[in-house]
Structure formats: structure tokens, C-alpha cells
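Below is one structure, written out as C-alpha cells; comments come after it.
The values are calculated or read from the model by the stated rules, or taken from the named source; none is laboratory data. Just so we're clear, the structure is a prediction, and the values are computed from it rather than from any experiment. Cβ placement follows ideal geometry from the backbone for every residue including glycine, while neighbour counts extend to all protein chains displayed.
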Amino acid sequence: MGKASALSCPKCGNEPGSKIVFRCPLCGSILEVKVEVEHLTRSDLQAMFANRDRSIWRWFDFFPIEERASIVSLGEGSTPLIHATRLGERLSLPRLYLKNDTVLPTGSLKDRSNSVGISKAKELGFTTATVMSTGNAAASVAAYSAAAGMRSVVMVPLGTAPSKIIQARACGARVVVVDGDFDNEVAQLYKTAIAEFGWYDCLSSNPYRDEGKKSYAYEMVDQLDGEVPSWVIHPTAGGTGIYAMWKGFQEFRSLGWIQKLPRLVASQSEAAAPITYAFTKGLSDVEPVVARATVAESIQVGNPVSLGWRALAALRESNGTAVALSDAEILEAQRLTATLAGIFAEPAAATSVAAAKRLRATGTIGPEELVVCNLTGHGLKQPESIRFDEKEFAPIAPTLAALRERLQRTETGE
Ligand SMILES: Cc1ncc(COP(=O)(O)O)c(C=O)c1O
Ligand SMILES: [Zn+2]
């Protein structure tokens with residue numbers, strides 16, 4: 001049973017004594033949930049490795065859910081960890097692995113979080129879940145709410161492209177377009193609405209939800225037969241992935257199931273890199289920046305206030321680093337990942353590969369080290385990121401001669 005501790009404040013130690021207050025009333029920090037795992041043994045681990053349920057729920061004991069009956073699952077987890085030999089050869093990284101989260105149920109890493117988050121909502125008796133988002137989180141919350149029999153409300157800023165929210169709408173979410181800026185007016189309305197209507201908050205300020213991404217750590221240890229990667233690179237916006245992976249690896253180490261820990265890397269777009277900036281400057285907390293436009297739309301976050309400082313701590317404790325990539329580097333990495341490894345990832349996701357390339361080129365990552373790049377979202381989430389010449393798809397006459405001519409003229413791939 002996943003026995004959750006009371007929510008407590010990681011900054012001031014306060015325990016507000018409520019299961020549904022997510023922020024410390026004294027200092028404003030996001031509260032933390034801990035799960036009691038000390039009693040788990042190696043034979044428990046073997047049973048988890050062997051479980052026929054390949055979803056994240058084979059790690060049930062590590063999640064803050066009291067009863068299995070509360071679980072809301074779409075089969076998320078155990079995504080392929082692929083030894084990308086051709087891409088690795090290109091980047092001079094023979095031990096390059098890609099954690100392919102593009103195949104998660106709604107096409108992004110958010111499913112790891114929302115499966116746990118919505119399960120907790122069900123356990124706590126909520127009937128409506130909400131999130132403010134322009135893309136991946138909205139689709140994921142909508143899907144898990146649908147599976148749980150809950151309503152979902154998604155708030156998006158005016159100007160959000162319909163293609164970004166159609167997946168959420170298709171799963172029954174009420175999509176509310178708000179005339180305002182995401183970090184300001186939309187955020188303010190979101191907060192007020194939660195207080196007014198008592199909805200369940202699915203942002204990264206939800207401590208239950210955040211536990212879901214610990215599953216990255218457990219899965220990697222399993223898939224690498226107990227070996228721990230030297231480096232794990234994660235596309236970073238709010239910082240949940242970095243923070244949660246670190247927690248997951250530490251739990252395994254505290255149980256004696258692994259001996260070493262990986263070095264963690266946050267990969268960001270240089271147009272929205274507050275965590276990289278704070279890391280480089282040696283700051284203990286993140287200072288919000290105004291995010292500029294970038295191809296890495298899903299991680300275009302300038303104000304990761306809730307977990308930013310915890311992600312920073314994880315990067316430092318792991319002796320890791322943070323990297324800010326240009327759009328050109330990101331698009332190149334997206335292309336190489338597709339043409340050399342066969343995985344079509346969205347640009348935000350490809351930042352991990354772009355960072356691996358940069359860190360190898362600068363010698364930070366050594367040639368023999370085992371590197372895992374998390375590919376956190378599917379390319380079909382943002383297909384317009386692939387630029388092509390209209391002429392490429394102009395129809396040809398159905399003759400071999402025309403086909404030959406076209407093949408000579410169009411060169412794709414690597
Ligand atoms: C595709 C993709 N990758 C990565 C992230 C990073 O999230 P976090 O830093 O909270 O783990 C997000 C969400 O914001 C995302 O949509
Ligand atoms: Zn506090």
C-alpha cells in the first residue's frame with residue numbers, strides 16, 4: 001500500500017494538517033508528500049520488476065495512493081528505453097539511450113503525473129479537475145478525468161491555436177478561452193476559480209501529481225538491469241521531472257537497491273531558461289523571466305516558481321548541469337532524432353538530444369558514459385515544426401519517369 005505522509009512544507013517544516021491544501025499557509029511554498037517505503041525489501045523489488053502490469057502502477061508502493069481501487073490508469077509507463085546506436089554514433093555517444101515517452105497514452109510525459117494526480121482526486125472525492133495549459137497538460141488531464149468519470153475544465157489564453165487544445169476538447173474537457181496573458185490574468189483567474197468552485201488543481205503545484213514522474217527513475221533501473229545511467233537529460237519547464245526523478249533515484253538508493261545516482265541535466269530553450277540562468281548564476285531560487293517565442297512551445301515557461309528551487313537543488317546535488325539551447329539546435333536535434341533513431345518528437349522534447357550533443361561536444365559528457373535523453377512529447381503535437389517546401393508534395397503524373405524525376409529532385413532524410 002502506498003502510505004502517504006501528511007503534506008508538509010519542505011522550507012519551514014509546517015504541517016497544515018489538510019490533504020487538499022497544497023501551499024504552505026506560513027511561507028507560500030508548495031507542500032511535499034512523502035511515501036513510507038522503508039519496509040520494502042528486495043523481494044518486493046523483484047515482484048515489481050516481474051509484475052505483468054507494465055504501467056507505472058507496478059510501483060504502487062511508491063505513490064501516495066491509499067487504495068488500489070482509486071487507481072485511474074490508461075496503461076502509462078514502461079515506455080521503450082532505446083539504445084540509439086545510429087544517433088549515438090553521430091553524437092559520439094555509443095551508449096546513448098532514448099526514453100520514448102512520445103508513446104504515452106496522450107502523447108506526452110504529463111500522463112505519468114496525471115495518472116497519479118487524478119487517482120488521488122478520485123480518492124479524495126473530487127468531481128471536477130482543472131488545469132491551465134495550452135497543450136500537453138490539458139490533453140492529459142482531460143483524458144484521465146474522462147477515464148475517472150470526472151469533469152475537467154481547461155483554461156487557455158486567447159490566441160491559443162485550436163490544434164493545441166483539440167485533444168482535450170475531444171476527451172470532454174470544458175475548454176475556456178480567457179482574454180489575458182498566461183502568466184498574469186489567466187493564472188489569477190485560475191487561482192480564484194479553484195478557491196471559488198473547489199475544483200481539483202492539476203498544476204505542478206499539486207504535490208500528489210508530481211510524484212508520478214518518479215517512475216522515470218524506477219523504469220530506467222529496471223530497463224538497464226540495475227545499472228544507473230551516468231547522465232539523464234530532461235526537457236525542463238516547471239522542473240517537476242528533474243525534482244521527481246531525483247527523488248525516485250534517491251528512494252531506490254535509500255533502500256540499497258542501487259549504489260550510485262545519475263547526474264541530471266535540465267535542457268531548456270534559451271528563449272525561456274530561468275532554471276538554467278539561476279543554475280549558472282549560482283542562485284538558490286529561480287527568478288522569473290519573460291519567456292520569448294521558441295519552437296519548444298511546450299516548455300516556454302518563464303515563471304516556474306513552484307518547483308524551480310527544488311529542481312535547482314536536484315541539479316546541484318546530482319552534480320549535474322543545465323543547458324539552454326537555440327531554436328536551430330533544437331530543430332536539428334528533432335531532425336536527427338527522427339532520421340537516425342526513428343522517433344518523431346516535438347521540439348521541446350528534442351532539447352534533451354540537443355543538450356546531449358552540446359555536452360558531448362564540450363567534453364562535459366565523456367565518450368563512454370551512459371546517457372539517457374527523455375523524449376517527453378510526440379512530434380504530432382506540433383507537426384508544423386517540420387518545415388518543408390510545398391513543392392515537395394506537389395502531385396506527379398502516375399508514371400515511372402515522373403517518379404524518377406521527383407526522386408532526383410527531392411532529398412529527404414539524412
Ligand atoms: C513535452 C514536454 N516536455 C517537458 C516538459 C517539462 O515539464 P517539467 O519540467 O515540469 O518536468 C513539459 C511540460 O511542461 C512538456 O510538455
Ligand atoms: Zn512553509
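Is it true that Glu369 is buried (at least 20 other Cβ atoms within 10 Å of the Cβ) and away from ligand 1 (no atom under 15 Å from the Cβ)? Spell out how you get there, then give the answer.
Details: buried (at least 20 other Cβ atoms within 10 Å of the Cβ): no; away from ligand 1 (no atom under 15 Å from the Cβ): yes.
No: the conditions fail for Glu369.
Table: residues versus (1) over 27 Å from the mean Cα position of the chain (by Cα); (2) at positive phi.
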{"residue": "Ser8", "(1), (2)": "no, no"}
{"residue": "Gly13", "(1), (2)": "yes, yes"}
{"residue": "Gly17", "(1), (2)": "yes, yes"}
{"residue": "Leu26", "(1), (2)": "yes, no"}
{"residue": "Leu31", "(1), (2)": "no, no"}
{"residue": "Leu45", "(1), (2)": "no, no"}
{"residue": "Met48", "(1), (2)": "no, no"}
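So which helices (runs of 4 or more DSSP H) are wholly in the range 104-180 and hold at least 1 residues that are away from ligand 1 (no atom under 16 Å from the Cβ), within 18 Å of Ile194 (Cα to Cα) and among the hydrophobic types (A, V, I, L, M, F, W, C)? Outline the logic, then answer.
Details: elements: 110-124, 136-148, 162-170.
In the range 104-180, the matching helices (runs of 4 or more DSSP H) lie at 110-124.
Here Cys27 meets the list (1) more than 16 Å from ligand 2 (Cβ to nearest atom); (2) among the hydrophobic types (A, V, I, L, M, F, W, C); (3) not in a helix (DSSP H, G or I) almost entirely, failing just condition (1).
Taken over the range 205-239, residues that are out of contact with any strand residue (DSSP E or B) (no Cβ under 7 Å at 6 or more places or on another chain) and either within 16 Å of ligand 2 (Cβ to nearest atom) or without any contact (Cβ under 8 Å) to a residue 60 or more places away in the chain (or both) amount to 5.
What number of residues within the range 30-44 satisfy the criterion of being more than 16 Å from ligand 2 (Cβ to nearest atom) and closer than 26 Å to Leu307 by Cβ? Break it down into steps so the answer makes sense when it comes.
Our first condition is that a residue be more than 16 Å from ligand 2 (Cβ to nearest atom); within the range 30-44, this holds for 35-44.
Okay, now just the ones that are also closer than 26 Å to Leu307 by Cβ, so 35-38, 40.
Of the residues in the range 30-44, 5 are more than 16 Å from ligand 2 (Cβ to nearest atom) and closer than 26 Å to Leu307 by Cβ.
Just one of (1) of a type in the set (A, V, I, L, M); (2) out of contact with any helix residue (DSSP H, G or I) (no Cβ under 6 Å at 6 or more places or on another chain); (3) surrounded by 19 or more Cβ atoms within 10 Å (Cβ to Cβ) fails for Leu26. It is (3). The lone criterion from (1) modelled with pLDDT of 95 or more; (2) closer than 30 Å to Leu380 by Cα left unmet by Asn319 is number (2).
Quick check on Val37: is it more than 30 Å from Arg95 (Cα to Cα), in contact with a Ser or Thr (Cβ under 7 Å, 6 or more places away or on another chain) and more than 16 Å from ligand 1 (Cβ to nearest atom)?
no
Filter the range 308-363 for residues that are charged (D, E, K, R) and within 30 Å of Ser29 (Cβ to Cβ) and give the result. Residues satisfying the conditions are Arg310, Arg316, Glu317. Of everything in the range 201-239 that is in a loop (DSSP other than H, G, I, E, B) and of a type in the set (A, V, I, L, M), the residue that is nearest to Ile365 (Cα to Cα) is Val228.
So, Ser78, is that one surrounded by fewer than 21 Cβ atoms within 10 Å (Cβ to Cβ) and more than 20 Å from Met245 (Cβ to Cβ) or not? No.
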